[in-house]
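First up is the structure itself, then whatever we jot down about it.
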Amino acid sequence: MDGIVLIDKEKNVTSRDVCNKLSKILNTKRLGHTGTLDPIATGLLIICVNEGCKLQEELTGHDKDYIAKVKVGIKTDTYDITGNIIEKNDNYHLTKEELIKTLNSFIPGYNQKVPKYSAIKVNGKKLYEYARNNISVDIPEHNVKINKIELLDFQQDNFTFFVSVSSGTYIRSLINDIGEKLGIPMTMEELERTRIGKFKLEDAQTIENLKIIPILDVLDIDKLIIENDDLYKKIKNGVQIKNIYNKEKILFIKDNTPLAIYKDDNNILKPYRVFNVK
């Protein structure tokens, strides 16, 4: 029972809540997600199970798709509808054409400041801890990619859009930045994640109806079936080998069982992830 589970997360449930429920159902404490969803958000959540936890880093960096609903005319301290209103403006006029132009201006990306109510750490402390205690701190920013952005529905007081982004992009911050550019306060009202890498929301399940995707079906990297006993012993024991395969990364397999992921380092393959799968 090693691999990943695709969950369609419900609203008002934390990602940790999902892990805790799965821990009881699957009778294991070795669980971890590859990218949290705020309680207000719904949609695709990837949970790694047992040896699948060694895939977390492999899965975390994938691009993601979202559908977001935006409330126009208010801004909150958390950048979503659950926060305290810190700005309000009913005297605005927003056209569909102006909004589309502004949305497209964020392609292909920009330097984004993370929300102050987030779990990003600064000097060993999470940003939301500073915010809750009204302590000023420099908010980190990083470059994010906006691969595609499309307006789906437009009303004067709200709109819905689709966006495909790089890992680490905060949709709350993007919405706030859209509002800043237009000079109109905006906040996130709803958010649904529809894709992480090759995995899509339509393939996800509820907690009551689970199916574990095995490690071999998760990874899209070169795979090599081991037929040599000497090579099998080396891979099983994490021994470095010469890269005669001319590959950057290889998943070694024996008897349809994943043994280890090796990565190239100056023409030497070194163990990156070694699986303890029976």
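Across the stretch 115-142, the qualifying residues are those that are loosely packed, with under 15 Cβ neighbours inside 10 Å and in contact (Cβ under 8 Å) with a residue 24 or more places away in the chain, and the one among them that is nearest to the chain's Cα centre (by Cα) is Ala119.
Against the test of being over 26 Å from Asn147 (Cβ atoms), more than 21 Å from the chain's Cα centre (by Cα) and either surrounded by 15 or more Cβ atoms within 10 Å (Cβ to Cβ) or without any contact (Cβ under 8 Å) to a residue 12 or more places away in the chain (or both), the options Leu26, Leu31 yield a single qualifying residue, Leu26. Just checking, does the stretch 56-70 include any residue being in contact with a strand residue (DSSP E or B) (Cβ under 9 Å, 6 or more places away or on another chain), at pLDDT 95 or above and over 30 Å from Ile213 (Cα atoms)? Within the stretch 56-70 (the criterion being in contact with a strand residue (DSSP E or B) (Cβ under 9 Å, 6 or more places away or on another chain), at pLDDT 95 or above and over 30 Å from Ile213 (Cα atoms)), the answer is yes, since at least one residue qualifies. No other residue among Lys223, Lys145 is of a type in the set (Lys, Arg), in contact (Cβ under 8 Å) with a residue 60 or more places away in the chain and in a strand (DSSP E or B) apart from Lys145. Looking at the stretch 26-124, the strands (runs of 3 or more DSSP E) lying wholly inside it that each contain 2 or more residues that are out of contact with any helix residue (DSSP H, G or I) (no Cβ under 8 Å at 6 or more places or on another chain) sit at 64-72, 74-76, 85-88, 109-113.
Kindly indicate whether any position in the stretch 193-208 is assigned to a strand (DSSP E or B), surrounded by 20 or more Cβ atoms within 10 Å (Cβ to Cβ) and of a type in the set (D, E, K, R). The answer is yes, given that some residue of the stretch 193-208 is assigned to a strand (DSSP E or B), surrounded by 20 or more Cβ atoms within 10 Å (Cβ to Cβ) and of a type in the set (D, E, K, R).
The values are calculated or read from the model by the stated rules, or taken from the named source; none is laboratory data. Not measured: the values here are computed from a predicted model. All Cβ positions, glycine included, derive from the backbone under ideal geometry; neighbour counts span all protein chains shown.
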